[in-house]
Number of protein chains: 2
Amino acid sequence: MAARAALDTHLERLGLKHSRQRELVAEVFFGTGGHLSVEELIQRVRSADPRVSVATVYRTMKLLAECGLAVPRQFDGGQTRYEPAAGRAHHDHLICTACGEIVEFANERIEVLQARVAQSHGFEVESHKLELYGRCTRCRRAPRLAGVRP
Amino acid sequence: MAARAALDTHLERLGLKHSRQRELVAEVFFGTGGHLSVEELIQRVRSADPRVSVATVYRTMKLLAECGLAVPRQFDGGQTRYEPAAGRAHHDHLICTACGEIVEFANERIEVLQARVAQSHGFEVESHKLELYGRCTRCRRAPRLAGVRP
DNA sequence: CTGATAATGAGAACCGTTATCAATATGCGG
DNA sequence: CCGCATATTGATAACGGTTCTCATTATCAG
């Protein structure tokens, strides 16, 4: 796996060490995929080893983010979610306010318009956040049950 | 002021009462303008009356949001900011990562493309968040001092 | 004026995240 | 394989922003 190599390189460059917990967290994270909240990740990690602490999970995800293997995302609701990022292109998100599903999309024309708008205000864009909140196909007609606040 | 009337109506409809603190918070909020963080608002309110509690300011802003006079915004960085919203049209934001300046903009073409993207994924959009982070004209050449994390 | 009830202030509680720190694990040099 | 320097861990305290609790105080209709 390329992720393993990238993490190794990062650890070595910083003079850091390997650890059982670090490898477990990475394995669970990459093995799950999607946009995992730290809370969900902790639960999954602990089902494999209940003694892993929350601090270790947070620390490990920060490491993965530093070496470009994971990207932290802050959707509405407070907690941070991480998505796997090994060599993936830029994209934005559609979030279902009923079931919480998160869909990725990329639209070059929107990006171009964003850059143009920024330029017209004298801004040089460094990054952006575009999130569309709504209801996915399955939830369109279904009653709203669990609320993901828009 | 229309805001006063709207707040009165809202209070009456819910059987709520007026209070010195409520009026002070509203007055300071509308008198300041911009995208005020609750922390900044508390400071300004307290310079007029140091005994107003944080809870009261939070509660009052929630009221103003409920009756459509203020919109809460969560830019990167954790705290909630409120912007006055009396009859204002939808818009998005440019945020300077160096000085924290927040500029509003509206772009109909981006909105259209957003709706189209959502539709192509089967989503019905309820709301969206578009934030462009970068450096404003003044900060383009200036060294980065205070960091507003992008 | 009075009573019913809403609003307040102070501080505790809360939630997600980070810091602290003693105990433990890693892994290089030998 | 050993021992040691040092990175890592887990438990828990601390943190920042926000909300809750609750006894006290203010509002306002009658």
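The values are calculated or read from the model by the stated rules, or taken from the named source; none is laboratory data. Quick caveat: nothing in here was measured; it's all calculated off a predicted structure. No Cβ is skipped: glycine too gets one built from the backbone with ideal geometry, and neighbour counts run over all protein chains shown.
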Does residue B:138 count as at pLDDT below 95 and not β-branched (Val, Ile, Thr)? yes
Residues that are more than 7 Å from every other protein chain (Cβ to nearest Cβ) and among the charged types (D, E, K, R), drawn from segment B:85-139: B:88, B:92, B:101, B:104, B:108, B:111, B:116, B:138
Answer with yes or no whether residue A:105 is within 16 Å of DNA strand C (Cβ to nearest atom), among the aromatic types (Phe, Trp, Tyr) and without any contact (Cβ under 8 Å) to a residue 60 or more places away in the chain. no
Selection from segment B:57-72 of residues of a type outside the set (Ser, Thr, Tyr) and within 14 Å of DNA strand D (Cβ to nearest atom) yields B:57, B:59, B:61, B:62, B:63, B:64, B:65, B:66, B:70, B:71, B:72
Residue check, residue A:30 against (1) modelled with pLDDT under 95; (2) touching a helix residue (DSSP H, G or I) at 6+ places or on another chain (Cβ under 9 Å), all met but one. Which one? (1)
Kindly provide the set of residues from segment B:44-56 that are surrounded by 12 or more Cβ atoms within 10 Å (Cβ to Cβ) and either more than 8 Å from DNA strand D (Cβ to nearest atom) or at positive phi (or both), ordered by number. B:44, B:45, B:46, B:49, B:52, B:56
Show the residue pairs that are 6+ apart or on different chains and have beta-carbon atoms under 8 Å apart, the first residue being within segment A:12-38 and farther than 16 Å from residue A:86 by Cβ, the second being crowded, with 19+ Cβ neighbours inside 10 Å and charged (D, E, K, R). A:37/A:81; A:38/A:81
Check whether at least one residue in segment A:73-85 is of a type in the set (Val, Ile, Thr), in contact with a strand residue (DSSP E or B) (Cβ under 6 Å, 6 or more places away or on another chain) and within 14 Å of DNA strand D (Cβ to nearest atom), and report yes or no. yes
Just for helices (runs of 4 or more DSSP H) wholly inside segment B:15-83: which have at least 3 residues that are more than 11 Å from DNA strand C (Cβ to nearest atom), more than 14 Å from every other protein chain (Cβ to nearest Cβ) and in contact with a Cys (Cβ under 8 Å, 6 or more places away or on another chain)? none
Show the residue pairs meeting these rules: Cβ distance below 9 Å; 6+ apart or different chains; first residue within segment B:49-73 and farther than 19 Å from residue B:35 by Cβ; second residue in a loop (DSSP other than H, G, I, E, B) and within 12 Å of DNA strand C (Cβ to nearest atom). B:56/B:19
Filter segment B:1-16 for residues that are within 11 Å of DNA strand D (Cβ to nearest atom) and touching a helix residue (DSSP H, G or I) at 6+ places or on another chain (Cβ under 7 Å) and give the result. none
